[in-house]
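Below is one structure, written out as structure tokens; comments come after it.
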Amino acid sequence: MAGLQADIGKSRVGYQFDYRIFESEAPLTYANYDEAMHPINGSSGAEFSSRLLFDGVAMAAGEYANTEKLSHKVTFKGNAGNSSYGSSIGYSKATNKNNDLSSSAISGSAFYATSLAKLTHLIAKFSVAKLDVDDFYVDLPLFRDGQSGTPQDFDFTRYSSLNRVDLRGSVEIISRLNKKLTASLIAGLRSIDREYYPAEDADATTTLFGQAKIRFRKGLRHSASIKYRFESISNPFTSAKGLFEARGRDILNPVDGTPNIYYWQREAIRYQNITTAPTQAHILDLTSTWRPNNKVNLNFGFKAKYDKNGDLDSLDVSHFSMQPSLAVNVNLDQKWAVSLGGSYGYNKSRGPVAIALFDG
Amino acid sequence: MYTDAVSDPVDDLYQAVHYGSAYAMTDYETKSQNLYLTTSYIYSPKLKFHSMVGYNKSTAAMDQVVFPDLTTRLYDEVNDVTDLGHQDFTFLHIHDYSNLDYELINFSLGLEYMLSKDVVWTADGEYAELKDNEGYVYGIESGSMFMIRSGIRFVF
């Protein structure tokens, strides 16, 4: 890593370069694939083998990526009267040298801070990043090659959900109400426009959020804060495949001269969007510190979050979590210090458990 | 490897019957309690000691998965066939597979000795014991760990 920085008038310009490589000589992990055969009588080896990628062989199942990463970043900061501003532009690229697949990112950010009044400040932030990840072609053996009927070609191009334009912006107003209270309000948005997922023409995931925070301080003895944040998310990331399979008569039939119906055909009758990502979230954060004397301080915290997704038809996906915590720090004398603390964490998730129905 | 589609026995032609999917909304809860006690002692300007005792107890459990009545799924009233009345879709124990219940207790003791203004020698020992009360896919995985490490820290 190396960098340069220079002050030009009231402005500061910087450049930073980062380069790192990772190589592993850890031995490969192998997985053994059994020889394909009927599970009861051991026959039909060729038929079952023609439906599998591997059988009767040991294959490397895990390998560390040998990576090379480099990045460039140019920063700029300046001041004008009661305002300050800054921006940055960055480029980074990471390559897995084992397969020559790369990901790259171009990013930019800017901020502007100014005083609206004597004790009121405004901070505006904006950033954008474009991520590109190499796609690759997955060449699979033909399904049931050499067996009756037409073999199926399941080759596909693997795109990454990381291909995206990530846009963020927020405006915060901080105001000191009096000697004890400071209030802040934030409004902002985040938009993630994925190029390929869950479908090639899918709308961007857009999060609008608002946050209010009040801080209380009374000398050095007491301080506390309460923060509430609300998020509204449209088009949260969903699985590209449906959770359920349709039911009915004659919705699946043998194709292309094959003798039976096969599992792969069920992909065509799947439906129902599913995700654990929410469309609404409520977040509460409380902190409090009490210092009865110079040797002791007592810290209390409480965090809670509730989110749910209202865009999944009859599925009632939701999460709730809370975490109270308490800590006591005591400086017994100039040599001894003791800390005692504890926390409790509770998480509850509600989601569907789905099964495919079989008659037999 | 056939799908769940089957032939309708009353139809001369092959007719695939697909029963589709069923689902039930189910809750999953995790609880975690943490306690810790740390102490530090400055023996001299060059030598400091520190210790820690930590305790964690965590549990996780899923509610029983209760599916709606599936016995008449795709019931053929004309021929009185292909209902699933002969199948049992009650799952009394699959929710137990997700259960977790373990306790972790760990102790550590260490020192820092200032070799010079800019160089600090550190030495630590840590003992941890995990007690698995529930087991998971690979069974009960209780165990313990003892570690000693030493290093040099440069301050600049």
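The values are calculated or read from the model by the stated rules, or taken from the named source; none is laboratory data. None of the values given here were measured: they were computed from a predicted structure. All Cβ positions, even for glycine, are placed from backbone atoms using ideal geometry, and neighbour counts span all protein chains on display.
Under the condition of being surrounded by 14 or more Cβ atoms within 10 Å (Cβ to Cβ) and of a type in the set (A, V, I, L, M), which residue from segment A:164-184 is farthest from residue A:109 (Cα to Cα)? The selected residue is A:183. Applying the condition of being among the aliphatic types (A, V, I, L, M) and without any contact (Cβ under 8 Å) to a residue 60 or more places away in the chain to segment A:52-73 and asking which residue is farthest from residue A:86 (Cα to Cα) yields A:57. All of (1) touching a strand residue (DSSP E or B) at 6+ places or on another chain (Cβ under 7 Å); (2) surrounded by 15 or more Cβ atoms within 10 Å (Cβ to Cβ); (3) within 30 Å of residue B:17 (Cβ to Cβ) hold for residue A:262 with one exception: (1). Residue pairs whose Cβ atoms lie under 7 Å apart, separated by 6 or more positions or on different chains, with the first residue in segment A:318-335 and within 14 Å of residue A:292 (Cα to Cα) and the second part of a loop (DSSP other than H, G, I, E, B), are A:330/A:295; A:331/A:295.
Please enumerate the residues belonging to segment A:191-227 that are buried (at least 17 other Cβ atoms within 10 Å of the Cβ) and under 20 Å from residue A:133 (Cβ atoms). Of everything in segment A:191-227, those that are buried (at least 17 other Cβ atoms within 10 Å of the Cβ) and under 20 Å from residue A:133 (Cβ atoms) turn out to be A:191, A:192, A:194, A:195, A:196, A:197, A:205.
Being exposed (fewer than 14 other Cβ atoms within 10 Å of the Cβ) and closer than 30 Å to residue A:130 by Cβ narrows it down to one of A:237, A:230, so name that one. Testing whether each residue is exposed (fewer than 14 other Cβ atoms within 10 Å of the Cβ) and closer than 30 Å to residue A:130 by Cβ leaves just A:230. With the requirement that a residue be within 23 Å of residue B:99 (Cβ to Cβ), outside any strand (DSSP E or B) and either at pLDDT 95 or above or charged (D, E, K, R) (or both), what does segment B:111-141 give you? Answer for segment B:111-141, where residues must be within 23 Å of residue B:99 (Cβ to Cβ), outside any strand (DSSP E or B) and either at pLDDT 95 or above or charged (D, E, K, R) (or both): B:134, B:141.
Taking strands (runs of 3 or more DSSP E) as the structural unit, those lying wholly within segment A:143-204 and holding at least 1 residues that are touching a residue at least 24 places away in the same chain (Cβ under 8 Å) correspond to A:164-176, A:181-194.
The one condition from (1) under 30 Å from residue B:33 (Cα atoms); (2) buried (at least 17 other Cβ atoms within 10 Å of the Cβ) that residue A:274 does not meet is (1).
Residue pairs whose Cβ atoms lie under 9 Å apart, separated by 6 or more positions or on different chains, with the first residue in segment A:341-360 and touching a residue at least 40 places away in the same chain (Cβ under 8 Å) and within 19 Å of residue B:87 (Cα to Cα) and the second outside any loop (DSSP other than H, G, I, E, B) and among the hydroxyl-bearing types (Ser, Thr, Tyr), are A:354/B:21; A:354/B:23; A:356/B:21; A:357/B:21. Look at segment A:172-204 and say how many of its residues are aliphatic (A, V, I, L, M) and in contact with a Ser or Thr (Cβ under 6 Å, 6 or more places away or on another chain). Looking only at that region, the number is 5. Might you check whether a residue that is among the acidic types (Asp, Glu), free of Cβ contacts under 8 Å to residues at least 40 places away in the same chain, under 30 Å from residue A:237 (Cβ atoms) and part of a strand (DSSP E or B) occurs anywhere in segment A:121-142? Yes: one or more hits. Among the residues making up segment A:243-275, those that are in contact (Cβ under 8 Å) with a residue 12 or more places away in the chain, assigned to a loop (DSSP other than H, G, I, E, B) and either closer than 30 Å to residue A:221 by Cβ or of a type in the set (S, T, N, Q) (or both) are A:258, A:272, A:273, A:275. Listed by position, the strands (runs of 3 or more DSSP E) inside segment A:276-360 whose residues that are within 14 Å of another protein chain (Cβ to nearest Cβ) number at least 1 are A:296-309, A:317-331, A:336-356.
Considering segment A:1-97, the qualifying strands (runs of 3 or more DSSP E), each wholly inside and each with 2 or more residues that are β-branched (Val, Ile, Thr), run over A:11-22, A:67-80, A:83-96. Among residues of segment B:97-150 being among the hydrophobic types (A, V, I, L, M, F, W, C) and within 16 Å of the chain's Cα centre (by Cα), the one that is nearest to residue B:31 (Cα to Cα) is B:100. Considering each residue of segment B:13-57, count those that are among the charged types (D, E, K, R) and more than 7 Å from chain A (Cβ to nearest Cβ), and give that number. The qualifying residues number 3.
Is it true that residue A:72 is over 31 Å from the mean Cα position of the chain (by Cα) and modelled with pLDDT of 95 or more?
Answer is no for this residue.
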